[in-house]
Amino acid sequence: MASDSSKIFTAVSLVSALGAAAMAKKGLNASWKAATGKNPPANPADPDVNVWEAVAWAAVSGTLIALARMFATRQAAQVYAKQTGHLPPGLRKDGQDPDAPTPVS
């Protein structure tokens with residue numbers, strides 16, 4: 001059963017992360033157009049795009065889309081934990097496992 005629930009978590013977190021990224025991109029595109037009066041660069045690597053515009057677009061869009069995906073995945077993990085009583089496999093990292101032995105310095 002645990003492997004079935006982890007497969008469900010994987011699917012749900014993937015769908016929620018993709019949906020959140022799509023919504024963030026749509027909002028970001030509209031915000032960019034409102035702020036600059038232009039459409040966002042379709043390909044920031046295009047040499048015809050101003051380098052600072054490309055850098056700004058890459059930084060802002062990358063950050064906001066990554067944050068949207070992270071929050072969606074965190075929400076999916078909270079739902080999983082509420083349903084199963086533990087975090088999904090693979091999310092307990094960086095010494096967060098309470099059952100792991102404490103490293104000796």
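For the range 31-88, which residues satisfy the criterion of being under 30 Å from residue 9 (Cα atoms) and among the polar types (S, T, N, Q)?
Across the range 31-88, the qualifying residues are 61, 63, 73, 75, 78, 83, 84.
So the check is Cβ under 9 Å with 6+ separation or different chains; which pairs have a first residue in the range 26-43 that's free of Cβ contacts under 8 Å to residues at least 12 places away in the same chain and a second one that's among the hydroxyl-bearing types (Ser, Thr, Tyr)?
29/61
Being aromatic (Phe, Trp, Tyr) and either buried (at least 17 other Cβ atoms within 10 Å of the Cβ) or under 16 Å from residue 31 (Cβ atoms) (or both) is the filter here; which residues of the range 44-84 pass it?
We begin by selecting, within the range 44-84, every residue aromatic (Phe, Trp, Tyr); these are 52, 57, 71, 80.
The answer is 57, 80.
Pull up the range 1-42, narrow it to residues that are modelled with pLDDT under 85 and charged (D, E, K, R), then point me to the one that is farthest from residue 63 (Cα to Cα).
Here the residue is 4.
For the range 5-43, which positions are closer than 23 Å to residue 80 by Cα, in contact with a helix residue (DSSP H, G or I) (Cβ under 6 Å, 6 or more places away or on another chain) and open to solvent by less than 30 Å² (accessible area, probe 1.4 Å)?
Looking only at the range 5-43, we keep the residues that are closer than 23 Å to residue 80 by Cα, and these are 5-23.
Applying the additional criterion that residues be in contact with a helix residue (DSSP H, G or I) (Cβ under 6 Å, 6 or more places away or on another chain) yields 5, 9, 12-13, 16-17, 20-21.
Within the range 5-43, 5, 9, 13, 17, 20, 21 meet the criteria.
The values are calculated or read from the model by the stated rules, or taken from the named source; none is laboratory data. Since we're looking at a predicted model, the values are computed, not measured. Virtual Cβ from ideal backbone geometry, glycine too; neighbours counted across all protein chains shown. Remember, those area values only see protein heavy atoms, side chains included, never the ligands or the DNA or RNA. Shrake-Rupley method; radii C 1.70, N 1.55, O 1.52, S 1.80 Å.
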